[in-house]
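A.B. asks: Take this structure, written in C-alpha cells, and hold onto it; I'll ask about it next.
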Amino acid sequence: MTEPWYERAFGSHYPAIYAHRNDEEAAALAKTLANAVPLPGADVLDVACGGGRHMAAIGRQGARTFGLDLSLALLRTVPETGRVARGDMRSLPFRSGTFDGACNLFTSFGYFPTRTENDSVLREVRRVLKPDGWFLFDYLNEAPTLAGLVPRSERTLGQYHLDECRSYDRDTRILRKTVVLTSPGEKDPLEWAEELLLYSPEELREAAAGAGFRERTIWGGYDGNAFDVNESDRVVLLLEPAS
C-alpha cells in the first residue's frame, strides 16, 4: 500500500524548505490571538504542531501548550520543554473537554481525499474543547492562491535543491504540488506530491458550523488585518463552540 503523501512530505527536510515561515511570523499570530482570548494559564492544543514554533510563541503569551503531529521527525525537533504526542488529527488521543483552546495553522487542513475525512478533524477539535473554549483555524485563501499559482519553480535552500510543479483540478478541487528534492548527501532525489483538497472561505465556514462551531471573528492575516475574499492571503478564523 502506498504511503499517504503527508507521511513522506514532513520529514527532517521540512523546516529548511519552509524556513521563511519563521518565529517572527508565529509571534505576530500569537500576539493577535492574545488580544482576542485570555491566554495566561490556558491549556492550548496545537493540532499538526510540526516543530512547535507556534506552540512556543503562544506559550510566551502565558498559555500551557500541547502539540500533536503525525511526523516523528518533526516532533523530535520540538524543544525539550514542549509537551507533544504523536497521532492522527482525525482521531485525537485526548479526552473530551480537555482544552481551553486549540489551533490548526499554516494550512494543516485538507490533507485527506474526502471532505468527510477532513471535516472529521474539525469535529475532533470541537470534542476536545471545553464548552467555553476557542479554536484558531488558519487556511489559505482560495481566490488569490489560484490567481497567483506558479506552474513551476526551482530554488536552492542550503544543501537542498527543490523543483516544484503546481496544478489545480477544478473538477476534484485538488491543489497539487509535485516536489523533487535533491541534496549532496543523497544518492537519489526524494519525490512526493502534496495534494490539498481546496476549501473556499464560505466552505470553511460551513464545515466549521457543521462540526459545531460558530464564528467569533475572521482575519486576513496573522497581524489581525481585515479579511478581503479577493486580496487576503490567509483565512484566519477564530471560532467557538456553538453550544
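Where a number appears in this text, it was derived from the coordinates with a stated rule and is not lab data. On a predicted model such as this, the values are computed, not experimentally measured, just so you know. No Cβ is skipped: glycine too gets one built from the backbone with ideal geometry, and neighbour counts run over all protein chains shown.
A.B. asks: Using just the C-alpha positions of region 128-243 as equal point scatterers, what log10 of I(q)/I(0) does the Debye formula give at each q in 0.14, 0.15, 0.19 1/Å?
C.D. replies: Cα-only, vacuum Debye calculation for region 128-243: -0.74, -0.81, -1.01.
A.B. asks: Another question, then. Can you tell me the orientation of helix 115-128 relative to the chain, as the angle in degrees between its alpha-carbon axis and the longest Cα principal axis, to the nearest 10?
C.D. replies: That works out to roughly 40 degrees.
A.B. asks: Oh, and also: Using the Cβ atoms and a cut-off under 9 Å, what net charge is assigned to the surroundings of residue 178, where Lys and Arg are +1 and Asp and Glu are -1?
C.D. replies: -1
A.B. asks: Sorted by average packing, counted as other Cβ atoms within 10 angstrom per residue and highest first, what order do 78-90, 120-132 take?
C.D. replies: Ranked by mean Cβ neighbours within 10 Å, highest first: 120-132, 78-90.
A.B. asks: Order these peptides, 133-146, 44-57, by their mean beta-carbon neighbour count within 10 angstrom, highest first.
C.D. replies: Working: 133-146: 20.7, 44-57: 24.8.
Going from most to least packed, we get 44-57, 133-146.
A.B. asks: Mind checking the angle between helix 23-34 and the chain's longest principal axis? C-alpha axes, 0 to 90 degrees, to the nearest 10.
C.D. replies: 20
A.B. asks: Taking the Cα centre of the chain as origin and charging only Cβ (+1 Lys, Arg; -1 Asp, Glu), how large is the dipole, in debye to the nearest 20?
C.D. replies: Its charge dipole is roughly 580 debye.
A.B. asks: Considering every pair of different Cα atoms, what Kirkwood radius, in Å, is found for region 26-128?
C.D. replies: On the way: mean 1/r = 0.0726 Å⁻¹.
Result for region 26-128 stands at 13.8 Å.
A.B. asks: Which length gain, in nm to one decimal place, applies between residue 217 and residue 88 when the Cα-Cα distance is subtracted from 0.36 nm times their residue separation?
C.D. replies: Gain on stretching residue 217 to residue 88: 43.7 nm.
A.B. asks: Excluding residues on the same chain fewer than 8 positions from residue 177, give the lysines whose Cα lies under 29 Å from its Cα.
C.D. replies: Output for residue 177: 187.
A.B. asks: Give the angle, between 0 and 90 degrees and rounded to the nearest 10, that separates the Cα long axis of helix 201-210 from the longest principal axis of the Cα atoms of the chain.
C.D. replies: With both axes taken from Cα atoms, the answer is about 50 degrees.
A.B. asks: Note the direction-averaged projected area, equal to a quarter of the hull surface, for the Cα convex hull of the chain, in nm².
C.D. replies: If you wrap the Cα atoms of the chain in a convex hull and average its projections, you get 13.3 nm².
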